[in-house]
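Comments concern the structure below.
The values are calculated or read from the model by the stated rules, or taken from the named source; none is laboratory data. The structure displayed is predicted, hence computed values, not measured ones. Positions of Cβ are backbone-derived with ideal geometry, glycine not excepted, and every protein chain shown enters the neighbour counts. To get the accessible areas, we keep the full protein, side chains included, count just its heavy atoms, and leave off ligands, DNA and RNA. Shrake-Rupley method; radii C 1.70, N 1.55, O 1.52, S 1.80 Å.
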Amino acid sequence: MTDRLTQITTRGGDDGTTGLGDGSRIGKDSIRITALGEVDELNSHIGVVLAEALPANLRDALIRVQNDLFDLGGELCIPGREAMTEAQLLRLEACVEAFNGELEALREFILPGGSRAAAALHVARCVCRRAERSVVALDKMEVIPATSIKYLNRLSDLLFIGSRIANRHAGQPDVLWQPGMNA
């Protein structure tokens, strides 16, 4: 592998702009940079999840997701680029179906919590939804490939289901909402 990042501090962003992958510069407060940053934050939260004990199949799925999110970041970093593939979306959908098939049907809403891994997956799910909203907002300004928006939507499902899998793996029950508990 070649040296891709030989200089980390460039001072190029000191004026409030940042460089995109195509060489252009835009404001750090642009919706594109917001969306890119939220996808990056999501990837970091998944990294926190991966520091916890997880079933091997969930760990493997999340490692693949992290790589997919870098592809999505590359897509966001270069206007007009399409990096996310239908195959990535289909793989994610298959994971959602397979993992959900292992779980009992829900009869109540679940509160974030249980094991540390499950709680971290719930945080990642919330960040995923925020990233999805930002990508949708960017799509209103310029066309973003539909696969990317669909991917984030399915990913939030995987992260929710993953939290239930993580709780089961840790021997923890899901934390169920108790309507009227504080009435």
Portion, in percent, of the accessible area of the chain that falls on carbon or sulfur, probe 1.4 Å: 53
Could you size up the charge dipole of segment 112-183 around its Cα centre, putting +1 on the beta carbon of Lys and Arg and -1 on that of Asp and Glu, and report it in debye to the nearest 20? 100
So the angle from the long Cα axis of helix 116-141 to the longest Cα principal axis of the chain, reported in degrees to the nearest 10, equals 40
Between residue 97 and residue 25, Cβ-based FRET efficiency (R0 45 Å, step 0.05) works out to 0.60
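Over the chain, give the accessible area per residue in Å² for a 1.4 Å probe, as an integer. Display every interim value, and only then the final one.
Working: 10410 Å² over 183 residues.
For the chain, the per-residue accessible area is 57 Å².
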P(r) of segment 100-183 over all Cα-Cα pairs, 5 Å bins starting at 0, rounded to whole percent, reads 3, 15, 20, 19, 15, 12, 9, 6, 2, 0
Most fluctuating residue given options 52, 132, 38, as computed from a GNM of the chain linking Cα atoms under 10 Å: 52
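Kindly identify segment 36-109 as rounded, prolate or oblate by the Cα gyration tensor criterion: order the square roots of the eigenvalues as a ≥ b ≥ c, call it rounded if a/c is under 1.5, otherwise compare a/b with b/c, prolate if a/b is larger, else oblate.
Working: a/c = 2.14, a/b = 1.61, b/c = 1.33.
It is prolate, given that a/c is not under 1.5 and a/b is the larger ratio.
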For segment 55-108 and segment 15-31, what is the separation of their C-alpha centers, rounded to whole Å? 27
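List the relative contact order of the chain as a percent without decimals, with contacts defined as Cα pairs under 8 Å and 6+ residues apart. Display every interim value, and only then the final one.
Working: 204 pairs, mean separation 49.0, N = 183.
Answer for the chain is 27 percent.
Suppose R0 equals 25 Å; then what is the FRET efficiency for residue 106 and residue 182 from their Cβ-Cβ distance, rounded to the nearest 0.05?
Working from the Cβ atoms, E equals 0.70.
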Choice from 125, 32, 64 with maximal GNM fluctuation in the chain (Cα, 10 Å cutoff): 64
With 31 Å as the cut-off, how large is the P(r) tail for the chain, expressed as percent of Cα-Cα pairs? 25
Might you report the magnitude of the Cβ-based charge dipole of the chain about its Cα centre, with Lys and Arg at +1 and Asp and Glu at -1, to the nearest 20 debye? 280
Could you work out how far helix 31-50 tilts from the main Cα principal axis of the chain, as a 0 to 90 degree angle to the nearest 10? 40
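When the helix-only estimate is applied to the chain (DSSP H runs of n ≥ 4, each -39,500 (n - 2.57), divided by the residue count), what is the mean residue ellipticity at 222 nm, nearest 500 deg cm²/dmol?
-20500 deg cm²/dmol
What FRET efficiency do you get for residue 78 and residue 140 if R0 is 22 Å and r is their Cβ-Cβ distance, rounded to the nearest 0.05?
Working: r = 19 Å, r/R0 = 0.87.
Approximately 0.70, to the nearest 0.05.
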